[in-house]
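Okay, structure first, notes after.
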There are 2 protein chains.
Amino acid sequence: MSTREKILNTAEALFAEKGYEGVSVRDITGKAGCNVASVNYHFGSKKGLYREVFLVKMAERSRKLQSLFWKKIGDSANPPPEQIIRSLSEAFLRSPFSEKERMIHHKLMAREAERPSEVFDEFHKKVLMPFFRSLFLMLEPHMPRRIKREQKMLYLMSIFAQIIHFNLARTMITKVTGQTYDERYIDDLIEHIVRFSLKGICGGDGRK
Amino acid sequence: MSTREKILNTAEALFAEKGYEGVSVRDITGKAGCNVASVNYHFGSKKGLYREVFLVKMAERSRKLQSLFWKKIGDSANPPPEQIIRSLSEAFLRSPFSEKERMIHHKLMAREAERPSEVFDEFHKKVLMPFFRSLFLMLEPHMPRRIKREQKMLYLMSIFAQIIHFNLARTMITKVTGQTYDERYIDDLIEHIVRFSLKGICGGDGRK
DNA sequence: GCTTACACTAAACAAACGTTTGATTGAGAT
DNA sequence: ATCTCAATCAAACGTTTGTTTAGTGTAAGC
């Protein structure tokens with residue numbers, strides 16, 4: 001692996017763990033095993049490194065997540081809502097990355113959702129918004145009819161709220177429920193999100 | 001207001017906005033209009049200041065929020081689930097603080113939920129856990145019967161996931177839905193959370 | 001063999017950081 | 001009037017910060 005790549009990987013892990021200001025250039029280069037000046041040589045500045053982390057690594061992973069979702073959906077034109085929610089939960093909670101990498105991804109994303117940097121605007125327009133739009137179009141027919149479009153959007157937000165929360169507040173959930181985040185428990189989480197959200201949207205009991 | 005209080009208030013606003021490392025002691029004292037040394041004089045260190053912010057201001061507000069919730073619940077021994085969820089949403093999304101103060105509270109809380117500091121453990125045990133426990137006991141009778149206790153806990157987590165998310169990802173939700181966070185929209189949010197969660201838990205349609 | 005271009009490094013840079021110091025203030029007690 | 005004590009201050013402390021500089025090694029082109 002090149003120095004550039006080593007810096008990129010180390011940086012995104014540290015940024016996710018401690019936030020932008022919580023990490024120094026020396027922390028990164030120290031852990032990556034290279035010189036302090038490498039960051040400025042390859043990325044111009046610390047900010048440039050963060051920008052590269054987000055625009056390259058995050059966007060790349062987002063695209064992978066989204067394409068995995070579409071693969072799970074298959075080629076059916078009108079998938080049932082359960083399949084949509086389940087594919088979404090599975091794609092974002094289980095695959096296709098390592099536990100660690102998934103955590104990095106969601107932490108960085110949550111940081112930006114809460115306090116967007118200059119980078120996030122571009123990312124939001126190009127990557128997130130189109131995905132939201134097509135998700136909404138698929139789910140809308142199954143929602144209560146009489147409510148307004150803006151309120152229907154909230155149903156989609158509620159699903160994402162759970163996915164994000166169950167990915168992020170891991171330490172807290174472990175404390176409250178006493179469960180460890182192993183594969184089996186993640187299956188339970190997915191099953192729960194699907195059932196809860198399906199009932200929430202359609203009013204059915206979430207079972208066949 | 002005493003210097004001590006001015007520092008405390010300024011500090012919590014800045015910590016919430018930019019995180020612990022994102023704020024310098026000079027930022028705080030500058031905005032509070034006092035000397036740099038005041039922080040170390042009154043709180044021993046920057047860390048001591050953060051600790052005080054969390055253990056005093058946050059705990060105080062949490063207790064206010066919780067007592068507001070119980071006031072909304074009233075003295076009925078077995079409140080209907082709709083009342084529980086609505087009281088919870090209203091307490092945490094609308095009152096009894098200013099928009100700004102509520103934001104501060106939830107941002108700091110989310111930061112700790114994601115990456116707990118040494119302070120959080122105590123806070124969790126004394127303030128959060130007892131509240132969760134009594135909420136769970138009230139909601140449990142209305143949940144599906146056949147599932148395990150740990151899975152039932154997730155229903156409670158899903159409600160909080162939404163409350164936290166709709167408080168935090170404000171900028172993102174504004175971008176996606178195009179709605180501004182005024183009083184009317186917050187009413188819509190509360191109504192949505194109640195209806196979505198009620199159906200999610202009980203399977204009913206969320207209406208009378 | 002000389003040049004060019006690139007990846008990398010040790011050392012130094014000014015600025016900002018959290019913290020400490022020593023002096024000054026002003027109100028209350030003796 | 002003198003002493004006391006907590007509060008506040010300007011100034012300086014030693015580190016750590018992001019960044020720059022000047023130099024080294026190396027492989028390819030001519």
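When chain A is treated as a Gaussian network with alpha carbon springs shorter than 10 Å, the biggest mean-square fluctuation among A:L154, A:L14, A:L55 belongs to A:L154. With its label point defined 7 Å out from Cα along the Cα-to-Cβ axis, B:P144 lies at 2.1 nm from the matching points of the other copies, in increasing order. Across B:R111, B:R51, B:R26, mean-square fluctuation computed from a Gaussian network of chain B (C-alpha pairs under 10 Å connected) peaks at B:R26.
Within the accessible area of the range A:143-202, what % is carbon and sulfur when the probe is 1.4 Å and the other protein chains stay in place? Let's see the in-between values first.
Working: 1090 of 2140 Å².
Carbon-and-sulfur percentage of accessible area, whole number: 51.
Considering only B:F166, A:F160, B:M138, and ranking their Cα positions along the charge dipole of the protein assembly as shown that arises from unit charges at the beta-carbon of Lys, Arg, Asp and Glu, the one farthest toward the positive end is B:M138. Note on A:R133/A:E60: beta-carbon distance plugged into 1/(1 + (r/R0)^6) with R0 of 25 Å gives a FRET efficiency of 0.75.
Normalising by the residue count of the range A:1-104, find the relative contact order in percent from Cα pairs under 8 Å and 6+ residues apart.
On the way: 63 pairs, mean separation 24.8, N = 104.
With pairs under 8 Å counted, the relative contact order is 24 percent.
With a Förster radius of 45 Å, plug the Cβ-Cβ distance of A:V36 and B:R145 into 1/(1 + (r/R0)^6) and report the FRET value to the nearest 0.05. Each step should come with its number before you reach the end.
Details: r = 61 Å, r/R0 = 1.35.
With a Förster radius of 45 Å, E is 0.15.
Counting, for every residue in B:177-184, the Cβ atoms of other protein chains within 10 Å of its Cβ and taking the mean gives 2. Residues of the range A:163-177 falling in the label zone of A:R184, defined by backbone nitrogen less than 11 Å from a point 7 Å along Cα to beta-carbon, are absent. Charges were assigned to the Cβ only: +1 to each Lys and Arg, -1 to each Asp and Glu. The resulting dipole of the range B:1-44 about its Cα centre is roughly 140 debye. Each Lys and Arg adds +1 at its Cβ and each Asp and Glu adds -1 at its Cβ; summed about the Cα centre, the range B:53-202 shows a dipole of about 300 debye.
What is the range A:1-44's relative contact order, in percent, from Cα pairs under 8 angstrom and six or more apart in sequence?
Numbers: 25 pairs, mean separation 17.9, N = 44.
It comes to 41 percent, rounded to a whole number.
GNM remark for chain B: springs join alpha carbons under 10 Å apart, and the peak mean-square fluctuation among B:E99, B:E52, B:E150 falls on B:E150. Between copies, the label points of A:E183, set 7 Å from Cα on the Cα→Cβ line, lie 5.4 nm apart, reported in increasing order to one decimal in nanometres. Protein heavy-atom accessible surface, 1.4 Å probe, per residue over chain A: 45 Å².
Taking A:G22 in one copy and the same position in all the others, each labelled 7 Å out along Cα→Cβ, what are the pairwise distances from the first, in nm, shortest first? Label-point distances to the other copies, shortest first: 1.2 nm. Place a point 7 Å from the Cα of B:I73 along the Cα-to-Cβ direction; which residues of the range B:125-168 have their backbone N under 11 Å from it? Once the point is set 7 Å along Cα→Cβ of B:I73, B:131-140 turn out to lie under 11 Å by backbone N, inside the range B:125-168.
Legend: mean number of C-beta atoms from other chains within 10 angstrom of residue C-beta atoms, peptide A:185-195, equals 3.
Past 29 Å, Cα to Cα, is the threshold; run B:K71/B:K126; A:K100/B:K199; B:K148/B:K175; A:K148/B:K175; A:K18/B:K152 against it and keep the listed order.
On the way: B:K71/B:K126 20 Å; A:K100/B:K199 34 Å; B:K148/B:K175 38 Å; A:K148/B:K175 17 Å; A:K18/B:K152 32 Å.
Flagged as over cut-off: A:K100/B:K199; B:K148/B:K175; A:K18/B:K152.
The mean sequence separation of alpha-carbon pairs under 8 Å and at least six residues apart, normalised by the residue count of chain B, gives a relative contact order of 21 percent. What residue among A:T10, A:S62, A:N78 has its Cα farthest toward the positive end of the dipole of chain A, where the charges are +1 on Lys, Arg and -1 on Asp, Glu, each on the Cβ? Ranked along the dipole, the leading option is A:N78.
Computed per residue of chain A from DSSP H runs no shorter than four, each worth -39500 (n - 2.57), the mean residue ellipticity at 222 nm is -22000 deg cm²/dmol. Between A:R94 and A:D27, the modelled labels are 3.4 nm apart [label points 7 Å from Cα along Cα→Cβ].
Ignoring ligands, DNA and RNA, how much accessible area is buried between chains B and A, both sides summed, with a 1.4 Å probe, to the nearest 100 Å²? Provide the component values of the computation, followed by the final result.
Numbers: alone 11760 and 11790 Å², together 18690 Å².
The summed interface area works out to 4900 Å².
Here the Kirkwood formula puts the hydrodynamic radius of the protein assembly as shown at 22.7 Å, using every distinct Cα pair. Hydrodynamic radius of the range B:1-44 by the Kirkwood approach over all distinct alpha-carbon pairs: 10.1 Å.
In debye to the nearest 20, how big a dipole does the range B:134-184 give about its Cα centre with +1 on each Lys and Arg Cβ and -1 on each Asp and Glu Cβ? It would help to have the intermediate numbers written out before the result.
Working: 8 positive and 4 negative charges, 58 e Å.
Here the size comes out at about 280 debye.
The values are calculated or read from the model by the stated rules, or taken from the named source; none is laboratory data. The structure presented is a predicted model; accordingly, all values stated were derived computationally and were not measured. Here the Cβ is made from the backbone with ideal geometry for all residues, glycine too, and neighbour counts use every protein chain on show. In case anyone asks, the SASA skips ligands and DNA or RNA and just uses the protein heavy atoms, side chains included. Shrake-Rupley method; radii C 1.70, N 1.55, O 1.52, S 1.80 Å.
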